[in-house]
Amino acid sequence: MIPTIRTKQLIPTLTFSIVLGLGLSCADGADPDIAERDDLSPPLNLTTVTGSESIELRWNAQNFEDELQGYHVYMIEGKSIANIAADSANLPQYPQDSYNQEATLREASIPRCEDNNSFFGLFGITANTSESCGGGLFVTQATEDTDDGEGTPITAKQVCYDPAAPDTNLGNENISVAKDASSEFKDGEGIQRCLIKGLTNGTDYTFLVVAVLGSDFDEISWSSNLADDTPAPVLLSQDVAYVTSQYQAITLDPVNFTATLGTSTPCPASSLCDVTKANSLTDVPYNIYVARDDGALFPQRLLVSTAATSRIKLLGRGPMTTDPLQAAGTISTRIPGDQAVADGDSYYDSGTVVAVYENSVFDFQITDTNGVARFGKIILHGFSYASTSTDANVTVKTEVVMQTAANNVNYLTEL
Amino acid sequence: MKYKVTQTFHKVAGFSLLALAIACGDAADPEAVTRDDLKSPSALKIVDKGNGSIDLRWSTANFEDDFEGYNVYGAVVTDADLTEFGITKGEPIQLLDANGDAVEAARTILANFSYQATNQYALPGTADNAEAEYNLEDKKFSALPYHKLRTATKEANLPTCIPIDGGICDPTGTVKQETEASAITSIGNISYSLPETLAIGSQVCFFVFAVQDEGEEISQSSTDVACIVPKYATAVTTSAGITSGNQIALPLFATLRSACATDGCPEIATTVSAAAISATTTDRTVQFEKFNNNDNLTFATGQNAVILSFGYFENGFADDNFVNLVQSAPNLSGFDATAISQGGGYSQPGQSIVVEKNHIYVIANAAADSATPADADFYYDWIYVSEAACPDTSCNVSYQLLLSANPNTPGR
């Protein structure tokens, strides 16, 4: 039978002391105990990396427990954290309990921080707020199953269960617990990653993670914070030849989420192709321009800009960094935590022309005609000159990615 | 008399080394416990605040009932010293082997990182620190982490610091703190400001332990042995009134570096002039300039100097992203001022790049009178622009420099 919980039934009973008194003594993988955080460290600082039809989860771990098995990742499809907050009055049933596909949250969970009450509210749970919200943690404690749930069932997929037995939701990119018998320093320490594939671009997803203990998966930790994200399509990824004294426009469409590379065009006078001059083009609100420096001294380098009348603003984020968590030799645009800068005032003024050197990343903020802001990145990889002549064509892999969700500042994965 | 402990720690041969099972500990020689029993700090990073002032940052998840705080170990050591000790930067020091037995050689490492006057590698400030009960030769796991002497008893006041609100690990100072251990937890990121002033240009390395049970138990070491070579820092300088066709030149970095080493970094002059800079300029390393009325403020470098933008860091050199993401500047490889482009994403000498507020740049520079310096001759100096604005026909800029004492040290 599918366990369900009603808020009205639970609210009077979910005091911390009562919950503690319930104590599950016969836990198993289908109905695990909740370990104290001293016994099983919960995942910390869960963040997401937006990909195309995928989302990568990253969290910090301090798991050295002997019988650490891995992590449960729970996912709700079609709802952001804000959506969940808005839906918190509804009381859904628990979803089906199926090992690798749709799983329940097992037993009920009590959030530690009231900020996350809404998530658990969907499962008929209210928070115990007697503990601090430090670190974004919230406690999970076992509660008694009840029945006759109401509301809309929520799909909660259970993934990244065990890297030794990846399921269809995971690829080889999954990195989780790596036990090493010769060292106790490689248990579940540092940043853990889990790539969730097969998602739908433009759809919201919300996640939480717990650590799992015991050969029968019979204990789970307090949960992580919540994190949500929306997969976004790749807009542009191709080698582009930039010709001396010419520029090319990349036209973004913030409604249909496309990026179109224009034809190579001769530089206009005193604009766009000179680092000391503003881009004075007009009527091109959604264009990013990549140009060859038309100055006499440095015709070999590139310049990037938006028009003075643009609805796009740029911000240099420096060189691409090699992410030690990626596979060897893979360059990631940036690592988690380096999100887009939400404050539009920090971006370059429209019309600013900026010099570009190889392996550079620029954030952009695009504001549509309804005033909705979205963030993205343009990445200019290594420069390959046709010759050593300063007027030689240079070919640069040029990539554009953009969040489809308004105001989403999440890190974007490399294409 | 100072001496060093010469026993080499061979990490990979840990099983062949003497192993000593410790059944129990006391505060003078604590027991090292597994990370299952006491979570050790992870992701140790160092923030260079300039002129020998640093912060340590690490991540924690210490919910243990008897958790008390952290012990910080530091030493002034070269890369050769680290090799001799068997230490690898970025990796932990193992106090226990796979069987849970104490690794005897780890005691030697701790002795070399002891905050004791007789230790030749000790951090500054050990002159009044001569507790007889902590002989280095005893090789105790306690081996004196960084601390102050308790005023009342002249004993080491440990742990080094205790977490308080706001992610701060508060130095215990000279007065014993009576906080109940059960009331102390530490979750997330912790920052600790080392009270001592370090020597510029000499590498200093640190690691951290968690402590519980009245000092009788210590954790495994932090996941990283983190190192830094402290840099000189100039005061934040503001230059205003950069109008069309004018510029403000910073002093030749070589001259500035020498002045910093001699009398402390001088105030940087902010005189505006019309003198242009080019790839052959030898009396300036870099300057701010504004070509025309509607132009942005730009950087340009002189001979044998190149710039790379690291992008936006709202909180400058202390920004979490900078500390966590940027390990070092890209190395120049085959520097050639006449090439079509410079490797590593650097500009070429003489090129202008736009100056932006809240951005960090690295300026690689060598002697300006050398025709083609070797890559190893370049200094990697850092500049944070905290303000850059051209509200009308003139521009203002505020910035701070971190200057490396040694060439060929691109580390952050």
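Here are A:Thr244, A:Thr265: which of them is under 25 Å from A:Lys397 (Cα atoms), in contact with a Pro (Cβ under 7 Å, 6 or more places away or on another chain) and among the hydroxyl-bearing types (Ser, Thr, Tyr)?
Answer to the check: A:Thr244.
Say we look at segment B:295-307 and pick out the residues that are β-branched (Val, Ile, Thr) and within 11 Å of chain A (Cβ to nearest Cβ); which of these is farthest from B:Gly241 (Cα to Cα)?
B:Val306
Please work out which residue is surrounded by the fewest Cβ atoms within 10 Å (Cβ to Cβ), limiting yourself to segment A:273-293 and to residues that are within 14 Å of chain B (Cβ to nearest Cβ) and in contact with a Ser or Thr (Cβ under 6 Å, 6 or more places away or on another chain).
Ranking the candidates gives A:Ser280 first.
Within segment A:360-373, does at least one residue satisfy the condition of being within 8 Å of another protein chain (Cβ to nearest Cβ), more than 27 Å from B:Asn321 (Cα to Cα) and not in a loop (DSSP other than H, G, I, E, B)?
No: zero hits.
Tell me which residues, restricted to segment B:106-135, are among the hydrophobic types (A, V, I, L, M, F, W, C) and modelled with pLDDT under 85.
B:Ala117, B:Ala127, B:Ala130, B:Ala132
Could you check, for segment A:300-318, whether at least one of its residues is part of a strand (DSSP E or B), more than 30 Å from A:Gly78 (Cβ to Cβ), touching a His at 6+ places or on another chain (Cβ under 9 Å) and modelled with pLDDT under 90?
yes
Please go through segment B:353-367 and give me each residue that is among the aliphatic types (A, V, I, L, M) and under 26 Å from A:Leu314 (Cα atoms), ordered by number. Let's see the steps before the verdict.
Let us first name the residues in segment B:353-367 that are among the aliphatic types (A, V, I, L, M), namely B:353-355, B:360, B:362-364, B:366-367.
Across segment B:353-367, the qualifying residues are B:Ile353, B:Val354, B:Val355, B:Ile360, B:Val362, B:Ile363, B:Ala364.
Which strands (runs of 3 or more DSSP E) sit wholly inside segment B:25-109 and have at least 2 residues that are away from chain A (no Cβ under 14 Å) and surrounded by 24 or more Cβ atoms within 10 Å (Cβ to Cβ)?
B:67-76
I'm trying to understand the selection: among the residues of segment B:218-245, which are over 25 Å from B:Pro410 (Cα atoms), surrounded by 19 or more Cβ atoms within 10 Å (Cβ to Cβ) and within 14 Å of chain A (Cβ to nearest Cβ)?
B:Ser219, B:Gln220, B:Ser221, B:Ile242
On the basis of being closer than 30 Å to B:Glu289 by Cα, free of Cβ contacts under 8 Å to residues at least 12 places away in the same chain and away from chain B (no Cβ under 14 Å), does A:Ala269 make the cut?
yes
Scanning for something crowded, with 17+ Cβ neighbours inside 10 Å, touching a residue at least 24 places away in the same chain (Cβ under 8 Å), over 30 Å from B:Gly245 (Cα atoms) and not β-branched (Val, Ile, Thr), does segment A:300-314 turn up at least one residue?
Checking segment A:300-314: at least one residue is crowded, with 17+ Cβ neighbours inside 10 Å, touching a residue at least 24 places away in the same chain (Cβ under 8 Å), over 30 Å from B:Gly245 (Cα atoms) and not β-branched (Val, Ile, Thr).
Do you know which residues across segment A:382-407 are surrounded by 14 or more Cβ atoms within 10 Å (Cβ to Cβ), over 18 Å from B:Asp336 (Cβ atoms) and among the polar types (S, T, N, Q)?
Of everything in segment A:382-407, those that are surrounded by 14 or more Cβ atoms within 10 Å (Cβ to Cβ), over 18 Å from B:Asp336 (Cβ atoms) and among the polar types (S, T, N, Q) turn out to be A:Asn393, A:Thr395, A:Thr398, A:Gln403, A:Thr404.
I'd like to verify a number: residues in segment B:308-352 that are at the interface with chain A (Cβ under 8 Å from one of its Cβ atoms), closer than 20 Å to B:Leu401 by Cβ and among the charged types (D, E, K, R), how many?
1
Within segment A:276-298, does at least one residue satisfy the condition of being in a loop (DSSP other than H, G, I, E, B) and over 30 Å from B:Gln351 (Cα atoms)?
Keep residues of segment A:276-298 that are in a loop (DSSP other than H, G, I, E, B), which gives A:276-286, A:293-298.
Now drop any that are not over 30 Å from B:Gln351 (Cα atoms), which leaves A:283.
Checked against the condition, which is being in a loop (DSSP other than H, G, I, E, B) and over 30 Å from B:Gln351 (Cα atoms), segment A:276-298 yields at least one hit.
Restricting to segment B:264-279, give me the number of residues that are loosely packed, with under 13 Cβ neighbours inside 10 Å and at pLDDT 90 or above.
Residues that pass the stated criteria total 2.
Quick check, is B:Asp377 out of contact with any helix residue (DSSP H, G or I) (no Cβ under 7 Å at 6 or more places or on another chain) and charged (D, E, K, R)?
yes
Name every residue in segment A:218-247 that is over 27 Å from the mean Cα position of the chain (by Cα) and more than 30 Å from A:Asp391 (Cα to Cα), in order of residue number.
A:Asp218, A:Glu219
I'd like to verify a number: residues in segment B:355-388 that are closer than 27 Å to B:Glu314 by Cα and of a type outside the set (S, T, N, Q), how many?
The qualifying residues number 18.
Report those strands (runs of 3 or more DSSP E) wholly inside segment B:184-301 carrying at least 3 residues which are out of contact with any helix residue (DSSP H, G or I) (no Cβ under 9 Å at 6 or more places or on another chain) and among the aliphatic types (A, V, I, L, M).
Because the criterion is at least 3 residues that are out of contact with any helix residue (DSSP H, G or I) (no Cβ under 9 Å at 6 or more places or on another chain) and among the aliphatic types (A, V, I, L, M), the strands (runs of 3 or more DSSP E) in segment B:184-301 that meet it are B:204-212.
Which of the residues that make up segment B:150-169 are farther than 22 Å from B:Val204 by Cα, surrounded by fewer than 20 Cβ atoms within 10 Å (Cβ to Cβ) and among the hydrophobic types (A, V, I, L, M, F, W, C)?
B:Ala152, B:Ile164
Could you tell me whether segment B:197-211 includes any residue that is exposed (fewer than 15 other Cβ atoms within 10 Å of the Cβ) and over 18 Å from the mean Cα position of the chain (by Cα)?
no
Name the single residue that is nearest to the chain's Cα centre (by Cα) among those in segment A:50-75 being within 14 Å of chain B (Cβ to nearest Cβ) and in a strand (DSSP E or B).
Taking segment A:50-75 and keeping what is within 14 Å of chain B (Cβ to nearest Cβ), we get A:58-68.
With the extra rule that they be in a strand (DSSP E or B), the set shrinks to A:58-63, A:68.
On the way: A:Arg58: 8, A:Trp59: 11, A:Asn60: 15, A:Ala61: 18, A:Gln62: 21, A:Asn63: 23, A:Leu68: 25 Å.
Filtering segment A:50-75 for residues that are within 14 Å of chain B (Cβ to nearest Cβ) and in a strand (DSSP E or B), the one nearest to the chain's Cα centre (by Cα) comes out as A:Arg58.
Mind checking which residues of segment B:368-395 are surrounded by fewer than 16 Cβ atoms within 10 Å (Cβ to Cβ) and either within 23 Å of A:Arg317 (Cα to Cα) or small (Gly, Ala, Ser) (or both)?
Answer for segment B:368-395, where residues must be surrounded by fewer than 16 Cβ atoms within 10 Å (Cβ to Cβ) and either within 23 Å of A:Arg317 (Cα to Cα) or small (Gly, Ala, Ser) (or both): B:Ser370, B:Ala371, B:Ala374, B:Ala376, B:Glu387, B:Ala389.
The values are calculated or read from the model by the stated rules, or taken from the named source; none is laboratory data. Since we're looking at a predicted model, the values are computed, not measured. When we count neighbours, we look across all protein chains shown, and the Cβ atoms used for this are built from the backbone with ideal geometry, even at glycine.
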